[in-house]
1. Quick test of your reading of the structure: PRO104 fulfils all but one of (1) at pLDDT below 90; (2) within 20 Å of LYS3 (Cβ to Cβ); (3) out of contact with any strand residue (DSSP E or B) (no Cβ under 8 Å at 6 or more places or on another chain). Name the failing condition by number.
2. Quick one: ASN59 ticks every box in (1) in contact (Cβ under 8 Å) with a residue 12 or more places away in the chain; (2) at negative phi bar one, so which box is it?
3. Give me a count of the residues in segment 128-169 that are over 24 Å from ARG300 (Cα atoms) and either at pLDDT 90 or above or small (Gly, Ala, Ser) (or both).
4. State which residue pairs qualify: first residue on the phi > 0 side of the Ramachandran plot and in the same structural domain as LYS174 (by TED's automatic domain parsing) and inside segment 294-317, second residue of a type in the set (Phe, Trp, Tyr) and at pLDDT below 90 in any location, beta carbons under 6 Å apart, and separation of 6 or more residues or different chains.
5. Of the numbered conditions (1) in contact with a Cys (Cβ under 8 Å, 6 or more places away or on another chain); (2) surrounded by 14 or more Cβ atoms within 10 Å (Cβ to Cβ), ALA73 fails exactly one; give the number of that condition.
6. Scan segment 242-249 and tell me whether some residue there is out of contact with any helix residue (DSSP H, G or I) (no Cβ under 7 Å at 6 or more places or on another chain) and within 26 Å of LYS291 (Cβ to Cβ).
7. Which residue, of LEU284, LEU321, is closer than 29 Å to VAL157 by Cα, out of contact with any Asp or Glu (no Cβ under 9 Å at 6 or more places or on another chain) and hydrophobic (A, V, I, L, M, F, W, C)?
8. Between LEU297, LEU321, which is part of a helix (DSSP H, G or I), in contact with a Leu (Cβ under 8 Å, 6 or more places away or on another chain) and closer than 26 Å to LYS148 by Cα?
Amino acid sequence: MHKILVIDDDKMTRVAFGDALADGGFSPVMVCNWREAIELVRREDYDAVLIDLVMPDKNGIDTMLELKKIKPAIPMIIVTGHGDIATAVEAIKLGAYDYVTKPPDYRRLFLTIQNAIEHCDALKKITSLNAVVEVSFEGFYGTEKIMKDIINKISKVAQSDFSVIIEGETGTGKTTIARAIHRLSKRAGGPFVVVDIGTLPETLVERELFGHEKGAFTGADKRKPGHFEAAQEGTILIDELQNMSPYTQTKLLRVVEEKKIFALGSTVPLDVDVRIICATNSDLKKEVTEKRFREDLYYRLSEFTITLPPLRERPDDILFLAKKFMAEACAELNKTGCELSKEAAAVLKEYRWPGNVRELKNVIRRTVLLTREDVVPPEDIQFMLSDKEEDRQLMSAQMPLKELTAVAVREVERKAIKKALDAAGGNKSKAAPMLQIDYKTLLTKIKEYGIK
């Protein structure tokens, strides 16, 4: 039973309210003045408070303000006569949830109390959820102010149904942000569907997005739903949006405006209830200016925009995240006591991280995997930060640690062989003993790795 505090100086009114609230399924507590109310609120929790507007010594508004200093989240409902409605409205501006007039319509009163309690519960959940989200996101993205501001934006836009464009370089975490928005939204129980425009041939984009009917083209032996249909009552993430052709942009604009899709080969529209989030590593405003992206579609999709900063612009987060990823990798590999030396930390902060958070994570994981030291020396980090494109691709690759191990070991072997050959002036007979392998094995490795 919800516990309701009633504050009224008139005994008959208190009795009437108490009997009605008890009959309505509430647990009323009655007091006659603000002093008693304050003492009770300090000691106990209440789900809502009914306050008479006109009372001697301290009126209802002043009483409400005193109570809010103690328990600001309790919903307050002002009880007033018809002649004081203007004052009651002023009380709402000062923080009251609502007001009811005397004599009250008890059905309306009960509904007002129930709505006030539900509203308060929802605010508590949102506040709690936002706190959890902030901690969780800081753990993944960092603690610099620029990221705190973005975390705050994510929490707010998630509660709406706005379409969102997430901008940022490769590896900044656009997909993770989109997934978080979905999980924090009212659509969290629905599907989260990702379609990457950059990986699809242009001829397949339309049918992948909107589906096709049986017989729509040669080989279409059955109907196939598209990504929009699969995302019904959920969220669709359209990644690499800048790669969408003008033709598909036109089709998408129609979907955004009409909330309907036409499958390829169909003349019957299908209603869709889908939130659209788009991700891009390009400057879409520039794409619009240069006529490569439709202006009307851009403004339809960018009801809210989140721009993720590159890691090089957040130097303090580099070490914060590096230590986090190192702890995770150590736990995964059952290693203990592994930490960065000051020199290794300096190398990390000086590097520009073209692959951003994703690259940092994989560099740290590979370092933990291969280092033999408890305190990681700078040369171990430098070894992982080769400027060669093939190494950048490896660092940016997303793969399980077990799979990454084999790839990393091959890289270590290849580089060790090249260093030995350089030291031996290209003489394979001299390089083999340096590597502690026989000449035939060295020849096999040189051929395998394509070393010249």
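1. (3)
2. Status for ASN59: all satisfied but (1).
3. 5
4. Qualifying pairs under 6 Å: none.
5. (2)
6. Step one: of segment 242-249, the residues out of contact with any helix residue (DSSP H, G or I) (no Cβ under 7 Å at 6 or more places or on another chain) are 246-247.
Then drop every residue that is not within 26 Å of LYS291 (Cβ to Cβ), which leaves 246-247.
Yes; the residues of segment 242-249 include at least one that is out of contact with any helix residue (DSSP H, G or I) (no Cβ under 7 Å at 6 or more places or on another chain) and within 26 Å of LYS291 (Cβ to Cβ).
7. Values: LEU284 fails: out of contact with any Asp or Glu (no Cβ under 9 Å at 6 or more places or on another chain).
So the residue among LEU284, LEU321 that is closer than 29 Å to VAL157 by Cα, out of contact with any Asp or Glu (no Cβ under 9 Å at 6 or more places or on another chain) and hydrophobic (A, V, I, L, M, F, W, C) is LEU321.
8. Working: LEU297 fails: closer than 26 Å to LYS148 by Cα.
The unique qualifying residue is LEU321.
The values are calculated or read from the model by the stated rules, or taken from the named source; none is laboratory data. Since we're looking at a predicted model, the values are computed, not measured. Note that each Cβ is placed from the backbone with ideal geometry, even for glycine, and that neighbours are counted across all protein chains shown.
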